[in-house]
Structures are given as C-alpha cells and as structure tokens.
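Let me begin by presenting the structure, written as structure tokens, before commenting on it.
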Amino acid sequence: MKNLDVVILGAGMSGLCMAIKLREAGISNFEIIEKNSDVGGTWHENTYPGACCDVPSALYSFSFEPNPDWSRTYSPQLEIKRYFQHCADKYALRPHIHFNCEAVSADYQQEGHWLITLANGEQLRSRILISGIGQLNRPNIPHFDGAEQFTGQTFHSARWNHDLDLNGKRIAVIGSAASAIQLIPVLAKQAEKLYVYQRSASYIIPRGDQEYPTKTKRLFRKLPWTQKVLRLYYYLRQDCFTFGAMLAGSFRGKIIKWMTSQYLNASISNPDLRAVLRPDYPLGCKRVLVSDDFYQAFEEDNAEVVTSPISGMNSDGIITRDNIPRPVDVIVYATGFQATDFLVPLIVHGENGIELNTVWRDGAEAHRGVALAGFPNFYMLYGPNTNLGHSSIIYMVEKQVGYLMQCITKTLKEDLRSLQPTAVAQQAFNKRMQDALADTVWGGDCGSWYKNESGKIINNWPYNTTRFGREMKTVDFDEYQQERG
C-alpha cells in the first residue's frame, strides 16, 4: 500500500492549483486521483459546440500563471483545457496524477490517516485528503415518463456525442441556461428545426467578446503588467459593480436589470417572443448570463421557444401540456449539474465511522467552506458556500489553497495526528453564512441550483470576493482542534 502525505481528488482547476502550491512548498509525496484521461476537469468534459467561459480569461486563470496568448476576451473550451494542460506540464504534475481511476471511498483511521479505496481496488494511505471534485461535474438528467420510448438520439450537453451529424436534424434542447445559451446558436445554424424547451427565461447581458489582436498579445508578453492591469479591471468590475446586483433591492441590480431589458429589446424584434424571453423573477436569483448570439438565434425561422411544461416523452420526442406534436430526431439535455450533491459518488467516513452523507442530510456545509468537524485532515476546494454568482471561481480557489497550505504545513511540520475545526466554530460560521445569504437575492422564493430541495442555500458565498480573500488570508487555529502523536 502506498503511503502518502497528501491525496488530491481531481485534476481539474482546483486540484492542479493545490498540487502546484504543494510542490512550491517542497511537499512532493502526493498523488492526484483523476477519473478522466487528462487534466482540466469540467473543461475536459464539456466539449459541446460553443462551450466557453462566462468570465474574462484574464481573470479566469491563475494569478501566478498569466497567459498572454488567450485568443479572445472570453476564451473557448479547448483553449482553457490547453491552459490547464500547460500548467500540469510546466509544474511537472503529470507524474503525480493517476488517470482513468476514481476514488470510491475514503475512511478515516483513528491513528490519523485516511484510507482511500479506488475503483480498481487499489488502496492508498494518506495523512491528508483533499477533494478537488468541485460542484459542476455530475450531469443532471431529469426523469420524464416515457423517455425510454424515444427512438432518436439523446445525450447531456456535458457528454456531447461528437459522432452524430446534426446537420438537417430536428433537435430539441431541454433547458435555456448557461450551457444552453452557448450551444443553441450553433445548433440553430445546423438544425432543420430547433425547439428550445424553456422552464424560465434568463437575464442576459451582451458578452462583448472580441478577438485579441496580435499586437495586444505581444504587449501582454513583453509587458506583463499590462495584462495584470486588465485582470484588475475585470476583478474590480465584477466585485464592485456586478456583485451589488446580488443584494436584494440594490440600485446596481436595477441598473443591470435595465441593461438586460435594453439588450433584449434591441435583439428581438417580435414582441411576443420578447415577452417569452423576459424573466419574471428578481435579477440575480439565478445566474445572470452573458451572450452575444443567443437572442439572435431566434430571429431565424427554424428556432422556436417552447414554454408549455413537459409532461413526458414518446417515440417521436417530447410531450407538452399544450398537446402540440413536435417530432424530433435528437434530444439534448442542457439541464445542468447535480450541484448540491457534493462529493457524490464518493463515500466518506470520518471519526467513529460517521458517514458524511448522514452529517449532510439537511444540506452540505463546512467550516469556511473547506473543512469539516468530525473529519480530521480532510479538506475541500470549491466546497459548500464558496460558489459565486458574479466573478471568477479561480480567485476563490487560490484563496482556499493558500488557507489549506497553512493547515497542511502545520500538520506535517508539527507531526500532528489530526487537525479539524471545532463544532462550535463551524456552527458559528455557517449561521453567519445563512444569515447573510438571507439578505441576498438567492434568499428569495425563486428556485435555483444554488439551493437544495429544502431551500437551504448551500452553494454560494454571500459577500464579495475581496472579503473572502481577507477572511481566508490567515488561519485562526483557535478555531481548530489539534491532536498530537
């Protein structure tokens, strides 16, 4: 059995960041367990047409590894994946990565180690266990009566079927949110007929995407501070302006809502279609989206928005309550992810054999989003209440990694048997989170993937990212229980 100091689950953005900082600290006895064949996480898995980030690339990248060669303001999926491949190669992480294997269980041993069992039956023994699994990795495919009767092709946007020629096909897309608004414009150009099944409209503002000229990329390379200034601009724009829209009743929210309305009016000439695409819930309750071509796709005669609720499926396609037949050849589920089911399908047992799913039966929570009482030497990146509705998750993860490095260094240097937050500290932190979240737009009545079934907001951070960075800068070890030997 291999004995390690640290095991990281996942070689996506979070796992790579953690591994880079471990190596920089001189900690080399670690391994990354990755279920896919390459690094990149969600950017390896989501290859649907039009896939790209909705945060500018200058901000959606590691602060310590700027990329002067981004092709566009908002870079496409393949470029982002190549960026993470570059990071894995530059920082010599590949020898530490176990590809094509998934961890199925992790059990804390009372002597202060974790026993991690892999899908192939192999076991690892590690002082510290870190989850970099994230929140957006398990596709959500809702159940519809009669779905098995459909005789055409079906797949989720995160598991795109590239072998299927969609040209001239009749296509149904279920969903109209973040992934859907990127793939729909592409499908509209290929399909004979495209039906978009919309449960609720989204607030959309123009992306303003542009190609970086060669001279701009040359400037970024020769004078790196220029790209840092651009990164700072995007950071301040998102934190000082966009975040304000997340506060219930804010003036900034009203400004952004007006901007979305103006964009909709300017993009859609048909007043009936405008009414269908206009949201009827508070701005920010669901993620505000960015697109330069989603609305424009519906100006084509072959694209149609369907708002009648889905009641089931049959051999021809989707059945709606209006009973209008809409036969299709292909159904694409653009229905998001099981974002509130953290760590699934991993089974985690902490002290005295307690299972994490039992602890989280009322909704996932953690101390400062990264650590758990009753689960010593176990940490999470992009865990509960660390998601954002306005800025770059990479910024958040870098701050979490900095926090965890203090915990890891203390554990290894002082040879601690265990380090875990106290139950009192964790409860106080999460009460503060829920109290603050109640004052945001997410605390309203509208449903979103930020909440679990009981309505508890378990994904989002209630403040701006500047405050997160400040709170995560230094570990207060008075909040932690330490055991030696």
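Odds and ends about this structure:
- When the criteria are applied in full, D89 meets the requirement of being among the acidic types (D, E), loosely packed, with under 14 Cβ neighbours inside 10 Å, over 30 Å from A180 (Cα atoms) and modelled with pLDDT of 95 or more.
- Checking F294 against (1) surrounded by 19 or more Cβ atoms within 10 Å (Cβ to Cβ); (2) among the aromatic types (F, W, Y); (3) out of contact with any Pro (no Cβ under 7 Å at 6 or more places or on another chain), the condition it does not meet: (3)
- Selection status of T260, among the hydroxyl-bearing types (S, T, Y), assigned by TED's automatic domain parsing to the domain that holds L166, farther than 30 Å from E148 by Cα and out of contact with any Cys (no Cβ under 7 Å at 6 or more places or on another chain): yes
- Filter result for V344 (at pLDDT 90 or above and either part of a strand (DSSP E or B) or of a type in the set (A, V, I, L, M, F, W, C) (or both)): no
- Residues of the range 73-125 that turn out to be under 27 Å from A51 (Cβ atoms), more than 21 Å from the chain's Cα centre (by Cα) and basic (K, R), as a count: 2
- N385 part of a loop (DSSP other than H, G, I, E, B) and among the polar types (S, T, N, Q): yes
- Taken together, G363, G383, G402, G369 contain a single residue that is surrounded by fewer than 23 Cβ atoms within 10 Å (Cβ to Cβ), in the same structural domain as T466 (by TED's automatic domain parsing) and modelled with pLDDT of 90 or more, which is G402.
To keep it simple, each residue is scored yes or no on (1) touching a helix residue (DSSP H, G or I) at 6+ places or on another chain (Cβ under 9 Å); (2) under 19 Å from M246 (Cβ atoms); (3) polar (S, T, N, Q).
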| residue | (1), (2), (3) |
| --- | --- |
| M433 | no, yes, no |
| K451 | yes, yes, no |
| K456 | yes, yes, no |
| E471 | yes, yes, no |
| F477 | yes, no, no |
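- Of residues in the range 7-51 being in contact with a helix residue (DSSP H, G or I) (Cβ under 6 Å, 6 or more places away or on another chain) and part of a strand (DSSP E or B), the one surrounded by the most Cβ atoms within 10 Å (Cβ to Cβ): I8
- Y295 vs. criteria under 30 Å from D439 (Cβ atoms) and either of a type outside the set (G, A, S) or not in a loop (DSSP other than H, G, I, E, B) (or both): no
- Of all residues in the range 204-223 being of a type in the set (S, T, N, Q) and assigned to a helix (DSSP H, G or I), the one that is surrounded by the fewest Cβ atoms within 10 Å (Cβ to Cβ): T214
- Members of the range 140-176 found to be surrounded by fewer than 19 Cβ atoms within 10 Å (Cβ to Cβ), touching a helix residue (DSSP H, G or I) at 6+ places or on another chain (Cβ under 8 Å) and over 18 Å from K189 (Cα atoms), listed by number: T154, R159
- Within the range 439-474, restricting attention to residues that are more than 13 Å from L388 (Cβ to Cβ) and touching a Phe, Trp or Tyr at 6+ places or on another chain (Cβ under 6 Å), the residue that is modelled with the lowest pLDDT is C446.
- Considering (1) surrounded by fewer than 23 Cβ atoms within 10 Å (Cβ to Cβ); (2) closer than 14 Å to P327 by Cα; (3) among the aliphatic types (A, V, I, L, M), the lone condition that A191 does not fulfil carries the number (1).
Residue by residue, here is whether (1) free of Cβ contacts under 8 Å to residues at least 12 places away in the same chain; (2) β-branched (V, I, T) holds:
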site	(1), (2)
W360	no, no
G369	no, no
I393	no, yes
M433	no, no
A438	yes, no
Y450	no, no
K456	no, no
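- Filter pass, T242 being modelled with pLDDT of 95 or more and β-branched (V, I, T): no
- Filter pass, K410 being farther than 21 Å from G132 by Cβ, part of a helix (DSSP H, G or I), out of contact with any Gly (no Cβ under 6 Å at 6 or more places or on another chain) and charged (D, E, K, R): no
- Residue within the range 70-86 that is more than 24 Å from D292 (Cβ to Cβ), touching a Phe, Trp or Tyr at 6+ places or on another chain (Cβ under 9 Å) and surrounded by fewer than 22 Cβ atoms within 10 Å (Cβ to Cβ) present: no
- Filtered residues of the range 425-468 (kept if in a helix (DSSP H, G or I), over 18 Å from the mean Cα position of the chain (by Cα), surrounded by 15 or more Cβ atoms within 10 Å (Cβ to Cβ) and not aliphatic (A, V, I, L, M)): Q426, F429, N430, Q434, G443, T466
- If you check L129, L115, L124 for being assigned by TED's automatic domain parsing to the domain that holds A11, without any contact (Cβ under 8 Å) to a residue 40 or more places away in the chain and closer than 26 Å to G369 by Cβ, only one passes: L115.
- Residue selected from the range 308-341 under the condition among the aliphatic types (A, V, I, L, M), buried (at least 19 other Cβ atoms within 10 Å of the Cβ) and at pLDDT 95 or above, by the criterion farthest from G146 (Cα to Cα): A334
The values are calculated or read from the model by the stated rules, or taken from the named source; none is laboratory data. This is a predicted model, so every value here is computed, not measured. Neighbour counts run over all protein chains shown; Cβ positions are idealised from the backbone, glycine included.
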